[in-house]
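Each remark here refers to the structure printed beneath this line.
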Amino acid sequence: SLLTAVQLALGEVIGAYAIAILDKEHPDEIVAARKSSPLVVGIGEDEFFLASDATPIVEYTDKVVYLEDGEIAVINRGEELKVVDLNNVEMTPEVKKVELNLGQLEKGGYPHFMLKEIFEQPDCIHDCMRGRINVDADNVVLSAVIDNKERLLSAKRFIIVACGTSWHAGLIGKQLIESFCRIPVEVEYASEFRYRDPVINEQDVVIAISQSGETADTLAAVELAKSRGAFIYGICNAIGSSIPRATHTGSYIHVGPEIGVASTKAFTGQVTVLAMLALTLAKEKGTIDERYYLSVVRELNQIPEKMKEVLKLNDKLAELSKTFTYAHNFIYLGRGYSYPVALEGALKLKEISYIHAEGYPAAEMKHGPIALIDAEMPVVVIATQNALYEKVLSNIQEIKARKGRVIAFVTKGDMVISQIADCSIELPETIECLNPLITTVPLQLLAYHIAVCKGMDVDQPRNLAKSVTVE
Ligand code: M6R
């Protein structure tokens, strides 16, 4: 039978796959299987669907079965879904209900999903915090932290594994957790971590961050850390995806489906969850000053309104972006919490506009990159008020002395940098550790508008996939 043939063949297959097989002699049967790549079976009225996640299926049915590695789905016309393993042992498929609505999968009047998703951020952050920050904004609780309190509080070290934008969120998470909880945190590219035989102890907690929950390298890093006895905490967006299913516990970011390949609202959602995680842990550990804790929680609650203010800069940023379509290179600079934001701003620009862009910690300029500065080079500087403001100011002076073109993102009312920079964009003030939630948004808009001006396919840039389910 087709099923037996597939079972025998898969016994010899090496590597990751998600496949659906038909026999032209028996067109009423489909056999589907997966290993390391995701595969979902949608169950409709007298029909079935196969896809890599639930998003494309939800238009037809909200009932899905997520296949696990080694499981084979046998679909026959007019019959119920059957799931067996490689040895033909039958299992009971667990049918899940997908909580997505179609409106979330449409552009809703925006020209691109990316722009829609940038503009959704105030609501997304609100949804992300719902039920986690209480109405009086004086307490934040992530239930996954409370439920696993002992394991998390006894951790000697946290290791964050992620890729791309999620890795940038991880860099911010490191600063938040280290500063609030005084626990060392390492941030690793999942693709490197999984192959370099890392030191992992049973007391370690590994935080896996992934929008899609399907990134092959992050999933493999989770499996490796799990096999070495670490406790795994997932921070994901796609509900029911592979990474949340592989972790011990975790928190969804609840920002709704992200369709644009360039990640936007998932990043701010991840940073929000990391801030709530750090606050919840620090409160439990007693490592955070009560007044400071309150001020961060209250400010977190204000972020959606402040993001709305930032979004009003859209037209200004659209206008500004026209000036920079000539550029072949961009540099993004930031320090402290703004350094990962610089990396994220540069990644956004390169992936959708195909302009080469590099993010650096501003102080590193003098160790090499400053050689690149000339009158052609646009330098984006995240220069909002923070402990390192004066130092960033001198970094800007160094760039101006070499005739670089500075686009500065400053705190509202900043008269100093505004006079030196070629262009300055004023942003609402917030507490330093939450600055990335504000400063990332205009960088997303800048990248978006530059790409649109250049006529690029913003939502589906060349060579990129939304979920990187291959190594
Ligand atoms: O789904 P994940 O968050 O695991 O994806 C990780 C990266 O592939 C992803 O962030 C990628 O870098 C985005 N295209 C960035 O916009």
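The values are calculated or read from the model by the stated rules, or taken from the named source; none is laboratory data. Quick caveat: nothing in here was measured; it's all calculated off a predicted structure. Note: ideal-geometry Cβ built from the backbone for every residue, glycine included; neighbour counts use all protein chains shown. Surface areas here come from the heavy atoms of the whole protein model, side chains and all, with no ligands, DNA or RNA. Shrake-Rupley method; radii C 1.70, N 1.55, O 1.52, S 1.80 Å.
Shown in residue order for the range 71-83 are the 3J(HN,Hα) couplings computed by the Karplus curve 6.51 cos²θ - 1.76 cosθ + 1.60 at θ = phi - 60°: 8, 10, 9, 10, 10, 10, 3, x, 10, 6, 4, 10, 10 Hz (x for Gly and Pro). Close amide H contacts of Cys423 (hydrogens built in the peptide plane, cut-off under 5 Å, sequence separation of 5 or more or a different chain): Val406, Ala408. Karplus-derived 3J(HN,Hα) values for the range 176-185, using 6.51 cos²θ - 1.76 cosθ + 1.60 with θ = phi - 60°, are 5, 5, 5, 6, 7, 10, 6, 10, x, 10 Hz; glycine and proline are entered as x.
Sequence-distant contacts, meaning Cα pairs under 8 Å at least 6 residues apart, place the relative contact order of the range 121-252 at 21 percent. Amide hydrogen proximity for Gly70: with H placed 1.01 Å from N in the peptide plane, the residues at 5 or more positions away or on another chain lying under 5 Å are Arg34. Just to confirm the filter: which GluC sites (Glu not before Pro) across the range 375-446 are DSSP coil and have at most 14 other Cβ within 10 angstrom of their Cβ? Counting only loop positions with at most 14 other Cβ atoms within 10 Å, the GluC sites (Glu not before Pro) in the range 375-446 are Glu376.
Using 0.36 nm per residue of separation minus the Cα-Cα distance, give me the extension gain between Ile239 and Asn329 in nm, one decimal.
Length gained between Ile239 and Asn329: 28.7 nm.
Using the Cβ-Cβ distance between Asp69 and Thr287 with R0 set to 30 Å, the FRET efficiency from 1/(1 + (r/R0)^6) comes to roughly 0.15.
Per atom type, the chain shows carbon and sulfur on 49% of its accessible surface, probed at 1.4 Å. From helices alone, the chain scores -11500 deg cm²/dmol at 222 nm; the rule is -39500 (n - 2.57) for each run of n ≥ 4 DSSP H residues, then divide by the residue total. Averaged over its residues, the chain has an accessible area of 43 Å² per residue, based on protein heavy atoms and a 1.4 Å probe.
Hey, with R₀ at 35 Å, roughly what FRET efficiency would Asn88 and Glu471 work out to, going by the Cβ-Cβ distance, to 0.05?
0.75
Summarising the strand pairing of the chain, around 40 percent of its internal DSSP beta bridges are antiparallel. Legend: calculated FRET efficiency, Ala371 to Tyr195, from the Cβ-Cβ distance at R0 = 22 Å, rounded to 0.05, equals 0.10. With the cut-off at under 15 Å, measuring from each backbone N in the range 60-101 to a point 7 Å along the Cα-to-Cβ line of Asp28 picks out 75-81. Under the shape rule built on the C-alpha gyration tensor, where the axes satisfy a ≥ b ≥ c, the range 111-310 is oblate, since a/c reaches at least 1.5 while a/b does not exceed b/c.
Computed extension gain for Asn101 through Ala20, at 0.36 nm per residue and net of the alpha carbon distance, reaches 26.5 nm.
Across the range 43-55, rounded Karplus estimates of 3J(HN,Hα) from the backbone phi angles (6.51 cos²θ - 1.76 cosθ + 1.60, θ = phi - 60°) give 10, x, 7, 6, 7, 10, 10, 10, 7, 7, 8, 6, 3 Hz, Gly and Pro being marked x.
Contact order for the range 2-98, expressed relative to its length and based on alpha carbon pairs under 8 Å spaced 6+ residues apart, stands at 24 percent.
The distance separating the Cα centre of the range 148-190 from that of the range 236-259 comes to 17 Å.
How high is the relative contact order of the range 312-453, in percent, counting Cα pairs under 8 Å that sit 6 or more residues apart?
Details: 264 pairs, mean separation 43.4, N = 142.
Once normalised by length, the contact order is 31 percent.
Scanning residues 5 or more positions from Val161 or on other chains, those with amide H under 5 Å from its amide H are Glu188, Ile207, Ala208, Ile209, with H placed 1.01 Å from N in the peptide plane.
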